[in-house]
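J.: Before I ask anything, let me first share the structure, which is written out below as structure tokens.
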């Protein structure tokens, strides 16, 4: 049984005992007493359902109920503890009453004052019982508050853990993507350097050996030696070219246009001190010239809008190459993005994506501003393989 059900059960048991006690101890004017008991119960229920979180109504209802108890005390032999238990429950569980101890002490003193004219021993006994009930109610209330606070902290920790896991996952994807781009770029650079230096040197050597071979045609042995040397260099050049083709990644062409966007992002980061991360899916396909230019301009405009209209310190860009389309997500952590007003920047982004037969959606929330766009691999009849 939860706390709310327990309080409700205790309240209605107390009200039931109030009714039974009043019916058994009527001395005079039973109709008038019944009317007072009825008002007592109605006031009690109104407070329970409507006044819990309003201090003024709660106080007015408690004063009214105390006055009703005083009137009822004139027609019964004694006012037992059940008359006061609902008030104690409401005081201890109200969110708007902070000085609960003062209210409870007033209730106990009021009980003592009413009953002392009938029996001093009963008056102190009832007041002592109410004191114990009050202490228990305050203790249970504090335990519930502590439990609620603990549960709230636990929920916040769980949410933070989920966010941390997601951030860690995004960071791993970003590191893998960055590492893959770096490796591809370095492999392409090395292959180009070998081609431009070693390959050029070997080609020049072959030409020079051919010239030397013509010059020494009078010496058969020397001519044969030069011929064998030239053939050896030719074979070496073929092996170097094979090594270059092996070293140069086939995927580089797919990433070539994305390197330009990465360079744009790096320059933007240096100039604005905004942390920008690009994450690219492992599966890629080569962008056409139209797609490449449009995508570059979209990213450029998105970064520019972030500087103009947001206080963002972090931007995340995701490129997800699916089999049939490219999905782009651009999200920042800006705080000034409550309303979306489509100015020239957002209109330009929309027009460029639409030109690629794609779709774009803008979203603004307390977490920042995001752009979700996509366009098909087949754009304007161009099928890129």
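The values are calculated or read from the model by the stated rules, or taken from the named source; none is laboratory data. All values derive from a computational prediction rather than experimental measurement. With ideal geometry, Cβ positions are generated from the backbone for all residues, glycine too; neighbour counts draw on all protein chains shown.
Quick grid of which residues meet (1) within 38 Å of the chain's Cα centre (by Cα); (2) surrounded by 11 or more Cβ atoms within 10 Å (Cβ to Cβ); (3) at pLDDT below 70; (4) not in a helix (DSSP H, G or I):
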position	(1), (2), (3), (4)
110	no, yes, no, no
122	no, yes, no, no
136	no, yes, no, no
140	yes, yes, no, no
147	yes, yes, no, no
153	yes, no, no, no
185	yes, yes, yes, no
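J.: Scan (1) surrounded by 16 or more Cβ atoms within 10 Å (Cβ to Cβ); (2) closer than 21 Å to residue 277 by Cβ; (3) without any contact (Cβ under 8 Å) to a residue 24 or more places away in the chain for the single condition residue 363 breaks and write down its number.
T.: If we test residue 363 against (1) surrounded by 16 or more Cβ atoms within 10 Å (Cβ to Cβ); (2) closer than 21 Å to residue 277 by Cβ; (3) without any contact (Cβ under 8 Å) to a residue 24 or more places away in the chain, just (1) comes out false.
J.: In addition: Would it be correct to say that residue 315 is at pLDDT 85 or above, under 14 Å from residue 349 (Cβ atoms) and crowded, with 18+ Cβ neighbours inside 10 Å? Write out each step before concluding.
T.: Values: at pLDDT 85 or above: yes; under 14 Å from residue 349 (Cβ atoms): no; crowded, with 18+ Cβ neighbours inside 10 Å: yes.
In short, no.
J.: Every residue in the range 56-100 that is loosely packed, with under 14 Cβ neighbours inside 10 Å, under 41 Å from the mean Cα position of the chain (by Cα) and assigned to a helix (DSSP H, G or I), please.
T.: Residue satisfying the conditions is 56 alone.
J.: I'd like to check something: does the range 327-334 contain any residue that is part of a helix (DSSP H, G or I) and buried (at least 16 other Cβ atoms within 10 Å of the Cβ)?
T.: Let us first name the residues in the range 327-334 that are part of a helix (DSSP H, G or I), namely none.
There is no residue in the range 327-334 that is part of a helix (DSSP H, G or I) and buried (at least 16 other Cβ atoms within 10 Å of the Cβ).
J.: Here is a further query. Of the residues 281, 289, 269, which single one is surrounded by 15 or more Cβ atoms within 10 Å (Cβ to Cβ) and either touching a strand residue (DSSP E or B) at 6+ places or on another chain (Cβ under 6 Å) or over 22 Å from residue 334 (Cα atoms) (or both)?
T.: Working: 281 fails: surrounded by 15 or more Cβ atoms within 10 Å (Cβ to Cβ); 289 fails: surrounded by 15 or more Cβ atoms within 10 Å (Cβ to Cβ).
After applying the criteria, what remains is 269.
J.: Look at residue 131 and say whether it is surrounded by 13 or more Cβ atoms within 10 Å (Cβ to Cβ), within 30 Å of residue 74 (Cβ to Cβ), in contact with a helix residue (DSSP H, G or I) (Cβ under 9 Å, 6 or more places away or on another chain) and at pLDDT 85 or above. Reasoning before the result, please.
T.: Working: surrounded by 13 or more Cβ atoms within 10 Å (Cβ to Cβ): yes; within 30 Å of residue 74 (Cβ to Cβ): yes; in contact with a helix residue (DSSP H, G or I) (Cβ under 9 Å, 6 or more places away or on another chain): yes; at pLDDT 85 or above: yes.
So residue 131 fits the description; yes.
J.: May I ask you to verify whether residue 353 is farther than 18 Å from residue 268 by Cβ, buried (at least 20 other Cβ atoms within 10 Å of the Cβ) and at pLDDT 80 or above?
T.: Numbers: farther than 18 Å from residue 268 by Cβ: yes; buried (at least 20 other Cβ atoms within 10 Å of the Cβ): yes; at pLDDT 80 or above: yes.
Yes, satisfied.
J.: Let me ask another. Is there a residue being in contact with a strand residue (DSSP E or B) (Cβ under 9 Å, 6 or more places away or on another chain), surrounded by 17 or more Cβ atoms within 10 Å (Cβ to Cβ) and either modelled with pLDDT under 80 or farther than 25 Å from residue 353 by Cβ (or both) anywhere in the range 231-248? Before you say what the answer is, go through the steps one by one.
T.: Pass one, the range 231-248, residues in contact with a strand residue (DSSP E or B) (Cβ under 9 Å, 6 or more places away or on another chain): none.
Within the range 231-248 (the criterion being in contact with a strand residue (DSSP E or B) (Cβ under 9 Å, 6 or more places away or on another chain), surrounded by 17 or more Cβ atoms within 10 Å (Cβ to Cβ) and either modelled with pLDDT under 80 or farther than 25 Å from residue 353 by Cβ (or both)), the answer is no, since none of the residues qualifies.
J.: Are any residues in the range 344-366 touching a helix residue (DSSP H, G or I) at 6+ places or on another chain (Cβ under 6 Å) and part of a loop (DSSP other than H, G, I, E, B), and if so, which ones?
T.: Across the range 344-366, the qualifying residue is only 356.
J.: Hey, among 276, 307, 265, which residue is part of a helix (DSSP H, G or I) and either modelled with pLDDT of 80 or more or under 19 Å from residue 373 (Cα atoms) (or both)? Lay out the reasoning, then the answer.
T.: Numbers: 276 fails: part of a helix (DSSP H, G or I); 307 fails: either modelled with pLDDT of 80 or more or under 19 Å from residue 373 (Cα atoms) (or both).
Result: 265 is the single residue among 276, 307, 265 that is part of a helix (DSSP H, G or I) and either modelled with pLDDT of 80 or more or under 19 Å from residue 373 (Cα atoms) (or both).
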